[in-house]
1. If we scan the stretch 88-102, do we find a residue that is assigned to a helix (DSSP H, G or I), within 28 Å of Met190 (Cβ to Cβ) and acidic (Asp, Glu)?
2. Scan the stretch 19-35 residue by residue and report those that are at pLDDT below 95 and touching a Lys or Arg at 6+ places or on another chain (Cβ under 7 Å).
3. Test of understanding: among Ile95, Ile81, which residue is open to solvent by 80 Å² or more (accessible area, probe 1.4 Å) and closer than 26 Å to Val28 by Cβ?
4. Could you please find all residues in the stretch 71-111 being farther than 26 Å from Arg131 by Cβ and touching a His at 6+ places or on another chain (Cβ under 9 Å)?
5. Which of the residues spanning the stretch 106-130 are open to solvent by 80 Å² or more (accessible area, probe 1.4 Å) and under 18 Å from the mean Cα position of the chain (by Cα)?
6. Going residue by residue through the stretch 163-172, is there one that turns out to be open to solvent by 50 Å² or more (accessible area, probe 1.4 Å), in contact (Cβ under 8 Å) with a residue 12 or more places away in the chain and either β-branched (Val, Ile, Thr) or more than 23 Å from Asp140 (Cα to Cα) (or both)?
7. So, in the stretch 43-56, of the ones that are of a type in the set (A, V, I, L, M, F, W, C) and surrounded by 18 or more Cβ atoms within 10 Å (Cβ to Cβ), which residue ends up nearest to the chain's Cα centre (by Cα)?
Amino acid sequence: MEKKEIKSVLFEHVKKCQAALFDLDGVVFDTEPQYTIFWGSQCREFHPEHPGLEHEIKGQTLVQIYDAWFSGPLAGKQPLITERLNRFEQQMDYIFVPGFENFIARLRQQGLKTAVVTSSNQMKMEAVYHRHPAFRSMFDAILTSEDFERSKPDPDCYLKAAQRFGVKPASCVVFEDSFNGLKSGRAAGMYVIGLATTNSADAIRPLCDEVISDYCK
């Protein structure tokens with residue numbers, strides 16, 4: 001089946017759902033290469049004994065990264081890294097994954113509810129809104145880390161999104177790229193579509209119902 005046919009079949013399936021829920025980094029925006037650069041610099045500074053660590057922590061939340069790699073003797077460095085990260089995110093290029101803008105517009109034309117469900121905080125989202133003033137209008141809801149009690153891979157964030165729209169989890173489709181995000185969508189009982197933007201298609205395939213590389217027709 002050709003790429004164009006695959007995307008057509010995908011759209012036909014998704015539009016039968018009631019809500020489409022999107023992670024942010026690696027799903028809406030192609031930001032993962034930029035985060036790899038940032039974390040590469042931090043890991044080389046604080047973990048020179050572990051080359052390539054920035055690739056191992058892809059898709060993990062800040063809390064998970066800190067707990068695993070910047071606790072104990074390095075716990076005191078967390079405020080410094082957070083400050084650096086906040087500055088970095090204010091200057092990032094928030095470039096849409098190819099085809100996303102047209103894809104979500106088509107979904108909304110079909111009457112689907114749409115939401116961003118991200119572990120990013122409000123400070124980062126303000127940078128997104130500054131770069132893309134129309135971003136809020138592309139979605140019916142934007143849920144950030146401040147809205148959740150438990151981080152991915154816990155299903156809490158996606159279940160809260162379904163509750164926000166008053167729909168059953170089984171009527172939702174999740175778009176994710178990270179292992180923890182894919183597990184979160186699965187645990188929520190939703191249809192999961194994996195974006196092979198951060199990890200390879202073969203690596204994420206066992207955790208999702210479909211794999212795509214972008215949203216192009």
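The values are calculated or read from the model by the stated rules, or taken from the named source; none is laboratory data. Remember, it's a predicted structure, so these values are computed and weren't measured experimentally. All Cβ positions, even for glycine, are placed from backbone atoms using ideal geometry, and neighbour counts span all protein chains on display. Calculation scope for accessible area: heavy atoms of the full protein, side chains included, ligands and nucleic acids excluded. Shrake-Rupley method; radii C 1.70, N 1.55, O 1.52, S 1.80 Å.
1. Within the stretch 88-102, one or more residues are assigned to a helix (DSSP H, G or I), within 28 Å of Met190 (Cβ to Cβ) and acidic (Asp, Glu).
2. Glu32, the sole residue that qualifies.
3. Ile95
4. Across the stretch 71-111, the qualifying residue is only Leu74.
5. Lys113, Met123, Glu126
6. No, the conditions are met nowhere in the stretch 163-172.
7. Only one residue fits best here, namely Leu53.
Each row is one residue, and each column tells you yes or no for (1) touching a helix residue (DSSP H, G or I) at 6+ places or on another chain (Cβ under 8 Å); (2) aliphatic (A, V, I, L, M); (3) modelled with pLDDT under 95; (4) not in a helix (DSSP H, G or I).
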| site | (1), (2), (3), (4) |
| --- | --- |
| Lys160 | yes, no, no, no |
| Arg164 | no, no, no, no |
| Leu182 | yes, yes, no, no |
| Gly189 | yes, no, no, yes |
| Val192 | yes, yes, no, yes |
| Pro206 | no, no, no, no |
| Cys216 | yes, no, yes, yes |
